[in-house]
Each structure stands twice: as C-alpha cells, then as structure tokens.
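The values are calculated or read from the model by the stated rules, or taken from the named source; none is laboratory data. What you see is a predicted model, and the numbers here were worked out from it, not measured in a lab. No Cβ is skipped: glycine too gets one built from the backbone with ideal geometry, and neighbour counts run over all protein chains shown. To get the accessible areas, we keep the full protein, side chains included, count just its heavy atoms, and leave off ligands, DNA and RNA. Shrake-Rupley method; radii C 1.70, N 1.55, O 1.52, S 1.80 Å.
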Amino acid sequence: MADAAASPHLQVRPAWLALTREAVLEPELPIVDTHHHLWDRAGSRYLFDEWMADLNSGHRITDTVFVQCRSMYRQGGPQAMKPVGEVEFANGVAAQSASGQYGPVRACSAIVGFADLMLDAELPAVLDALLQAGNGRLRGIRNTTAWHPDAAIRSNPQPPPPGLLAQEAFRAGARLLARYDLSLDVWAYHTQLDEVLALVRACPHTRIVLNHCGGPLGAGPYVGRREAVRREWAQGMQAIAALPNVWLKLGGLGMPVGGWDFQRQAAPPDSLQLAKAWRPYIETCIDLFGPQRCMFESNFPVDKGMFGYVSLWNAFKRLSSDLSATERTALFSGTAREVYRLQAAGQ
C-alpha cells in the first residue's frame, strides 16, 4: 500500500462530514457520476461498501465511471501489463453492482484504465489486454500528467515527469487510442493548458476528456491570486473549447491544489456555499464548451476530504437551475452517455 504520509489527498473524516446535513434536491434527476476512484491504501479505504453508501445517499445515480488510480495492480508479470489488474478489479465491482442486490445504480459501468502511452510498439498489446479485462466496459485511458515545478502543487502521490503531454511518443500513443475507440482523459493544471491545446491539435481524431475544470490553481504561489488565475485559466480554456474533439468534466474542485480550504471550517460547506464559490468556474466552463460537451463529476473519494456527496450534487443542481431541461440532461447524464458509450438508464 502507498504511504499515507506521502499522499496529497485530504483525509476523509466521517464525523466531520456528518456535521452538515441537507435534503436532497430534485431526487428524481438521473445522474451519471463521470469520475471516481476505488482504492485500499494505508489510512484510506474506499471500496465497494464505502462507494455504495455514497451512491445510495439520496441522489439518483444511475451509472458511474471508474477512473484509474493505480489500484489493485498485478504484482507479477511484465511491468507494462501490471495496470491490467486495475481494470480486472473495476470490472469485478461493476459485475457486483450489476447484480442489482445493492440498489439500481450500475457502478463502474464504464472504466478508464491506465496504459503507458509512451510504450510505442508495446502499447497495442497492453490495450488489447485492458479491453479483454474490461469485458466490454473499458472506455478510455488516463496517464498521470498533472505537473508543476512548485512542490506545494501536487495532487498525485507519484507525480509525473515534466512535459509529458508535449512528448511526441505520448501524442503517438494518444492518436492510437482512436483506432480502439477509446478516449483519453487528461488531468492538467491551468498552467499546462497550452500543452493540452497542442496535444488536442496533434490528436484531432482522439476523443479527449479534460478533467476537473481544467485545473485552476489556488495553492502555493497562487494563494491570494484567485482573480488573476481565473482570467489566465479562462483564456486557456477558451482556446481549447474551440477544438471540437474535447469534452470537459465539471468538478474536481475539492483538492488542496485548488486552494478552497473548506476542510479548515468547523463544519463542511453546504451546497449553497459550494455553488457560490464555484459559480464563476462552472458557468464559464458551460458557456465555453456548451452543455453537450460538459459533464458533472464527483472525484470521490479525493474530494470527500472537503464536502459530502449530497452537498456536492445539490451544488451542481443549484448551479444549473437556470438552464433548460435539455441542457441539464446533457450535463448530468447525456454527455457522459455519449462520450463513454453508456446505455440509456433502465436498459
């Protein structure tokens, strides 16, 4: 297991989270949670039981998308094939959920796994193995790419090398994904948006899903510079939104690198507080990309260190309340079903 002291993720504190309770808004609205993880790490366990408790807390979650997090890798065999174990694990969770014994939600109905896109000639064999392990559920690949030179900006226990998105070998791997009908999830900070733009231009036939609102930073050297960062971030996002093969996940704003620091409060923020803090970012994202290219995400359990599941989705519902029914359907489920090729609810 990873050393808990080395993790940049906030500790989940159930007693603290229980201090804020609110009624579920619009409980019948179907939701696809497009980004979550499952793991068993030192001091941090978030597996089937913990996940189902959140999924069954009142919102109508119909499907979820599991995203790679170095969980349950194989211990033996070639290094390049060890991540296949994570997809095998997520597919097992999906099968358990699909039994219907734990509620109507279909957890992990889509899986985003890991394959080192720098592998070159070895990559096709790894993708084939991942597809087989996913049993029809593998929909995309994600690599660790969020990097910043300041040590205070870290959101991954194992940070990547700098400049990975700009490597031609990485771009070649990203282009290969299109032949497999697999998307590329990308997690990058706002300081890397120029690299993301260049990657998207170099891979015009690959579906690229930008994670976590494009990573506006608020920690380290960005403390006290929120408006300046927001303007710089919005400029980078506008350029990316002009390219048609990019979709955007709305969420992931509960990590320490974002600088919100809700975890320092006596009680967790409720949905009103979250909606007020995030409105400039969520509204800008929707204005730039349009609802048909945006989808809400929880980023649990990472963001669970700052707020609860009910408050999070209530905030998203508040932030989208002025939109049309068609636009809201896209944001909460429709875009995700298109990008990750999910069946319609109830099928």
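Please go through segment 253-276 and pick out each residue that is surrounded by fewer than 22 Cβ atoms within 10 Å (Cβ to Cβ) and within 30 Å of ARG207 (Cα to Cα).
PRO256, GLY259, ALA275
Any idea which of ALA188, ALA166, ALA152, ALA172 is in contact (Cβ under 8 Å) with a residue 12 or more places away in the chain and either open to solvent by less than 30 Å² (accessible area, probe 1.4 Å) or among the aromatic types (Phe, Trp, Tyr) (or both)?
Working: ALA166 fails: either open to solvent by less than 30 Å² (accessible area, probe 1.4 Å) or among the aromatic types (Phe, Trp, Tyr) (or both); ALA152 fails: either open to solvent by less than 30 Å² (accessible area, probe 1.4 Å) or among the aromatic types (Phe, Trp, Tyr) (or both); ALA172 fails: either open to solvent by less than 30 Å² (accessible area, probe 1.4 Å) or among the aromatic types (Phe, Trp, Tyr) (or both).
Only one candidate passes the filter, namely ALA188.
Would you tally the residues in segment 290-304 being open to solvent by less than 10 Å² (accessible area, probe 1.4 Å) and without any contact (Cβ under 8 Å) to a residue 60 or more places away in the chain?
2
Take the conditions open to solvent by 40 Å² or more (accessible area, probe 1.4 Å) and touching a Ser or Thr at 6+ places or on another chain (Cβ under 9 Å) and apply them to GLU22. Does it pass?
Working: open to solvent by 40 Å² or more (accessible area, probe 1.4 Å): yes; touching a Ser or Thr at 6+ places or on another chain (Cβ under 9 Å): yes.
It is true that GLU22 is open to solvent by 40 Å² or more (accessible area, probe 1.4 Å) and touching a Ser or Thr at 6+ places or on another chain (Cβ under 9 Å).
Note down all Cβ pairs under 9 Å where the first residue falls in segment 192-213 and is on the phi > 0 side of the Ramachandran plot, the second is aromatic (Phe, Trp, Tyr), and they're at least six residues apart or on different chains.
HIS212/TRP187; CYS213/TRP233; CYS213/TRP278; CYS213/TYR281
I need a count of the residues in segment 64-87 that are basic (Lys, Arg) and either free of Cβ contacts under 8 Å to residues at least 60 places away in the same chain or not in a loop (DSSP other than H, G, I, E, B) (or both).
Kept after step one, since they are basic (Lys, Arg), are these residues of segment 64-87: 70, 74, 82.
Now narrow it down to the ones that are either free of Cβ contacts under 8 Å to residues at least 60 places away in the same chain or not in a loop (DSSP other than H, G, I, E, B) (or both): 74, 82.
Residues that pass the stated criteria total 2.
Take the conditions open to solvent by 10 Å² or more (accessible area, probe 1.4 Å) and at positive phi and apply them to GLY76. Does it pass?
Working: open to solvent by 10 Å² or more (accessible area, probe 1.4 Å): yes; at positive phi: no.
When the stated conditions are applied, GLY76 does not pass them.
Does ALA42 meet the test of being loosely packed, with under 15 Cβ neighbours inside 10 Å and of a type in the set (A, V, I, L, M, F, W, C)?
For ALA42, the condition - loosely packed, with under 15 Cβ neighbours inside 10 Å and of a type in the set (A, V, I, L, M, F, W, C) - is met.
Counting just the residues of segment 247-271 that are part of a helix (DSSP H, G or I) and free of Cβ contacts under 8 Å to residues at least 60 places away in the same chain, which one comes out farthest from VAL65 (Cα to Cα)? Even if it seems obvious, please write down each step before you answer.
Residues of segment 247-271 part of a helix (DSSP H, G or I): 256-258, 262-264, 271.
Add one more test, that the residue is free of Cβ contacts under 8 Å to residues at least 60 places away in the same chain, and what stays is 258, 262, 264.
Details: GLY258: 23, PHE262: 26, ARG264: 29 Å.
So, considering only residues that are part of a helix (DSSP H, G or I) and free of Cβ contacts under 8 Å to residues at least 60 places away in the same chain, the one farthest from VAL65 (Cα to Cα) is ARG264.
Do you know which of the residues in segment 312-329 that are open to solvent by less than 10 Å² (accessible area, probe 1.4 Å) and small (Gly, Ala, Ser) is farthest from ALA23 (Cα to Cα)?
Start the filter on segment 312-329 by keeping residues that are open to solvent by less than 10 Å² (accessible area, probe 1.4 Å), which leaves 312-317, 320.
Checking the rest, the ones that are also small (Gly, Ala, Ser) come to 315, 320.
On the way: ALA315: 12, SER320: 18 Å.
This residue is SER320.
Against the condition within 15 Å of the chain's Cα centre (by Cα) and under 20 Å from PRO162 (Cα atoms), how does LEU197 come out, does it pass? Step through it out loud before you land on a result.
On the way: within 15 Å of the chain's Cα centre (by Cα): no; under 20 Å from PRO162 (Cα atoms): yes.
Criteria not met by LEU197.
Examine segment 112-135 for a residue that is of a type outside the set (A, V, I, L, M, F, W, C), without any contact (Cβ under 8 Å) to a residue 24 or more places away in the chain and either out of contact with any Gly (no Cβ under 8 Å at 6 or more places or on another chain) or under 19 Å from MET81 (Cα atoms) (or both), and state whether such a residue exists. Explain how you work it out, then say what you get.
Initial filter on segment 112-135 (of a type outside the set (A, V, I, L, M, F, W, C)): 113, 116, 120, 122, 124, 128, 132, 134-135.
Still in the list and also without any contact (Cβ under 8 Å) to a residue 24 or more places away in the chain: 128, 132.
Subsequent filtering for residues that are either out of contact with any Gly (no Cβ under 8 Å at 6 or more places or on another chain) or under 19 Å from MET81 (Cα atoms) (or both) retains 128, 132.
Yes, because at least one residue in segment 112-135 is of a type outside the set (A, V, I, L, M, F, W, C), without any contact (Cβ under 8 Å) to a residue 24 or more places away in the chain and either out of contact with any Gly (no Cβ under 8 Å at 6 or more places or on another chain) or under 19 Å from MET81 (Cα atoms) (or both).
Return the total of residues in segment 291-342 being among the charged types (D, E, K, R), outside any helix (DSSP H, G or I) and either closer than 21 Å to ARG45 by Cβ or touching a helix residue (DSSP H, G or I) at 6+ places or on another chain (Cβ under 8 Å) (or both). Outline the logic, then answer.
To start, the set of residues in segment 291-342 that are among the charged types (D, E, K, R) comprises 293, 297, 303-304, 317-318, 322, 327-328, 337-338, 341.
Narrowing the set further to residues that are outside any helix (DSSP H, G or I) leaves 297, 322, 341.
Filter once more, keeping what is either closer than 21 Å to ARG45 by Cβ or touching a helix residue (DSSP H, G or I) at 6+ places or on another chain (Cβ under 8 Å) (or both): 297.
Counting residues in segment 291-342 that are among the charged types (D, E, K, R), outside any helix (DSSP H, G or I) and either closer than 21 Å to ARG45 by Cβ or touching a helix residue (DSSP H, G or I) at 6+ places or on another chain (Cβ under 8 Å) (or both) gives 1.
Pick from segment 225-246 the residues that are part of a helix (DSSP H, G or I) and among the aliphatic types (A, V, I, L, M): which of them is farthest from HIS212 (Cα to Cα)? Explain how you work it out, then say what you get.
Of all residues in segment 225-246, those part of a helix (DSSP H, G or I) come to 226-241.
Subset that is among the aliphatic types (A, V, I, L, M): 228-229, 234, 237, 239-241.
Values: ALA228: 19, VAL229: 15, ALA234: 14, MET237: 12, ALA239: 17, ILE240: 14, ALA241: 14 Å.
By that ranking, first place goes to ALA228.
Could you check, for segment 211-218, whether at least one of its residues is touching a strand residue (DSSP E or B) at 6+ places or on another chain (Cβ under 9 Å) and open to solvent by 10 Å² or more (accessible area, probe 1.4 Å)?
Of the residues in segment 211-218, the ones touching a strand residue (DSSP E or B) at 6+ places or on another chain (Cβ under 9 Å) are 211-214.
Next cut, open to solvent by 10 Å² or more (accessible area, probe 1.4 Å) only: none.
Scanning segment 211-218, I find no residue that is touching a strand residue (DSSP E or B) at 6+ places or on another chain (Cβ under 9 Å) and open to solvent by 10 Å² or more (accessible area, probe 1.4 Å), so the answer is no.
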